[in-house]
Amino acid sequence: MVSRRDAVFSAQHTPLPAPTRQMLDLPQRPRRNRKSAALRGLCRETRLSTESLIYPLFIHDGERDEEIASMPGCRRWSLPGLTTEVAEAAALGLRSVVLFPATDERLKTPGAEESYNDDGLVQRAIRAIKAATPEVTVITDVALDPYNSDGHDGLVAADGRILNDESVEVLCQQALSQARAGADIVAPSDMMDGRVAAIREALDDDGFDEVSILAYTAKYASAYYGPFRGALDSAPKAGDKKTYQMDPANSREALREAALDADEGADMLMVKPAGPYLDIVALLAAEFDLPIAAYQVSGEYLMIQSAAAAGWIDREKVVLESLLGIHRAGASAVLTYFAKEAAGWLQR
Ligand code: PBG
């Protein structure tokens, strides 16, 4: 009895021969290197490790930790909450954190003086972390936007222009104040011209020659930062950041910025955002001998969070793949809001 399906099949096709050992004479069979977990392990070129992750943390001067509406899954930490969170992260093997302050509106001024208050929120947070977990490397953001009543990374002139050289002077004060509080690495994210050289000189003159500079070298004017500005209430009051942050259309401009930062004494170069700019990560990694960091920013974080919350993707797998991709492109350090969770997953 021949089934209908077999009848149709044999009417149209001659039957396939039984499998033989050498059907095709292929000189190369790449699948051989993928045939078992053991072989895949031997062939793996990149490994994600907790050591390469940097954990960005938002802080505020409140009594309690608050959920951040624009960034579900992230909190604005009180100082006690912060030290506990950092200690937990350290127990999972995380070694580096970067701090972002939500400044009280009443402390924001056109001159951003609060940025170099030695008793300011970030300065107190650095001291609290260093007292509780001295082994953790503390990185600080050098930029005026959380302190500036105009919401820009630099000082704003009456006509709306962002003042470069005047801003650099304030950024130097800010970096010095962070260094005095115990910061290990200062990370200028402001994109003013000449700030790396000026900050290096200011630090060295005050005896902080061991404080490193992680330069936000290729920081693009990106829509992916939107949720972050919600977290800090730091969006520009007028205009946008396109006269200082880079045009997303450009990659050769990143080479120019990197050459300047390297020349000015940066210890590491950063690319930001990370995922949509992997070509820039790879370019800088190929062209420069400084270590490359990349920042998986708030919008990248939320795209994964929201797709996972809808049940559309496997959260853990996508997070780890996104971080591996950034690492593979050439970043030895990755800033990610998933750092603590990823550290937990990597430990298993
Ligand atoms: C501030 C700063 C920003 C981010 C890091 N530092 C925002 C901006 O430049 O407007 C964005 C980080 C993120 O989106 O996760 N200079």
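Before moving on, here are some points about what is shown:
- 29 Å Cα cut-off, lysine pairs counted over the chain (separation 8 or more, or different chains): 22
- Folded to 0 to 90 degrees: helix 315-329 orientation relative to the chain principal axis, Cα: 80 degrees
- Taken over the C-alpha atoms, the stretch 293-345 has Rg and Dmax values of 10.7, 31 angstrom.
- Calculated Rg and Dmax of the stretch 107-174 using C-alpha coordinates, Å: 13.6, 46
- Separation of alpha-carbon centers, the stretch 305-333 and the stretch 70-140, rounded to whole Å: 25 Å
- Only protein heavy atoms count here; under a 1.4 Å probe, His327 has an accessible surface of about 40 Å².
- Residues with amide H under 5 Å from that of Tyr220, placed H, sequence gap 5 or more: Met246, Lys272
- Stokes-Einstein diffusion coefficient of the chain, Kirkwood radius over Cα pairs, 4 °C, 1.567 mPa s, in µm²/s: 59 µm²/s
- Furthest towards positive pole of dipole, Leu278, Ser96, Leu214, structure part the stretch 49-346, Cβ charges: Leu278
- DSSP assigns beta bridges within the stretch 49-346; of those with both partners inside it, close to 10 percent run antiparallel.
- Amide H within-cut-off set for Leu335, under 5 Å, with H built and near neighbours excluded: Ile54, Ala294, Tyr295, Gln296
- Value of [θ]222 nm, deg cm²/dmol, for the chain, DSSP H segments ≥ 4, -39500 (n - 2.57) each, nearest 500: -12000 deg cm²/dmol
- Between helix 79-91 and the chain there is an angle of about 40 degrees, using the helix long axis and the longest principal axis of the Cα atoms.
- Antiparallel beta bridges, as assigned by DSSP with both residues in the stretch 219-348, represent about 0 percent of the total such bridges.
- Shape analysis of the stretch 43-84 places it in the prolate category; the axes a ≥ b ≥ c from the Cα gyration tensor give an a/c of at least 1.5, with a/b above b/c.
- Relative contact order, percent, the chain [alpha-carbon distance under 8 Å, six or more residues apart]: 17 percent
- For the chain, the longest principal axis of the C-alpha atoms and the axis of helix 252-264 are separated by about 50°.
The values are calculated or read from the model by the stated rules, or taken from the named source; none is laboratory data. Note that this is a predicted model, so its numbers are computed, not measured. So basically every Cβ, Gly included, is an ideal-geometry build from the backbone, and we count neighbours across all protein chains shown. Protein only, heavy atoms only, side chains kept; ligands, DNA and RNA dropped before computing areas. Shrake-Rupley method; radii C 1.70, N 1.55, O 1.52, S 1.80 Å.
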